[in-house]
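Here the structure is laid out as structure tokens; the discussion comes afterwards.
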Amino acid sequence: MGGHGFLAFLTPLGPTASLRRVFRGETRGYPFGTERTRSRSMLAEYSGVLLILAIALVVSGAMLLIHQLLGPRRDFDSKLEPFECGEKQIVSPRQRFSVKFYMVAMLFILFDVEAVFLYPWGALFLDLGWFGFIEMLTFVFVLSVGLAYVWMKGALEW
């Protein structure tokens, strides 16, 4: 592992490093051979993660309990009304929205998520070479055809 200090279990390659040691035949001073010894040493690598998880659960549970015991309990009419940016409601929240609103929202999310794939490609552009360039050219072409189809169908118009 990375270090021998108190927080040595937090090293990023802890479990991976232990797997390398096991495959090389090293088991941290134990004689090589027993499966039990190897599995115990591998599980010990994750004890830090379990400790942090347990601390997080205890702290969050304690905060919820303290809030329930000490928090204010005041109910009044304006608190029970739907909140809309601190203003009184102008229209009913039960009004119907046009389907086009949802279509535009879904299409925005679709193309936005697809555009996220362009960032790693840009970061590794030189390492990927011509293969990566052609793959991303194909990806962008398919996205462009999809966008043109949606545009021609009028799904982007209100």
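The values are calculated or read from the model by the stated rules, or taken from the named source; none is laboratory data. No experiment lies behind these values; they were computed from the predicted model shown. Here Cβ is always computed from backbone atoms with ideal geometry, including for glycine, and neighbour counts include all displayed protein chains. Areas reflect the complete protein model, heavy atoms only, side chains present, ligands, DNA and RNA absent. Shrake-Rupley method; radii C 1.70, N 1.55, O 1.52, S 1.80 Å.
A few remarks follow.
Yes/no per residue for (1) modelled with pLDDT of 70 or more; (2) among the aromatic types (Phe, Trp, Tyr); (3) part of a helix (DSSP H, G or I); (4) surrounded by 10 or more Cβ atoms within 10 Å (Cβ to Cβ):
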residue: 1; (1), (2), (3), (4): no, no, no, yes
residue: 43; (1), (2), (3), (4): yes, no, yes, yes
residue: 48; (1), (2), (3), (4): yes, no, yes, yes
residue: 75; (1), (2), (3), (4): yes, no, no, no
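- Taking first residues from region 81-107 that are under 30 Å from residue 154 (Cα atoms) and partners that are at pLDDT 75 or above and open to solvent by 90 Å² or more (accessible area, probe 1.4 Å), the Cβ contacts under 9 Å between residues at least 6 apart in sequence or on separate chains come to 100/157; 104/157.
- Among the residues listed as 105, 56, the single one being open to solvent by less than 90 Å² (accessible area, probe 1.4 Å), in a helix (DSSP H, G or I) and farther than 30 Å from residue 151 by Cβ: 56
Here is a yes/no grid of residues against (1) in a helix (DSSP H, G or I); (2) modelled with pLDDT under 85:
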residue: 82; (1), (2): no, yes
residue: 90; (1), (2): no, yes
residue: 95; (1), (2): no, yes
residue: 100; (1), (2): yes, yes
residue: 109; (1), (2): yes, no
residue: 128; (1), (2): yes, no
residue: 136; (1), (2): yes, no
residue: 150; (1), (2): yes, no
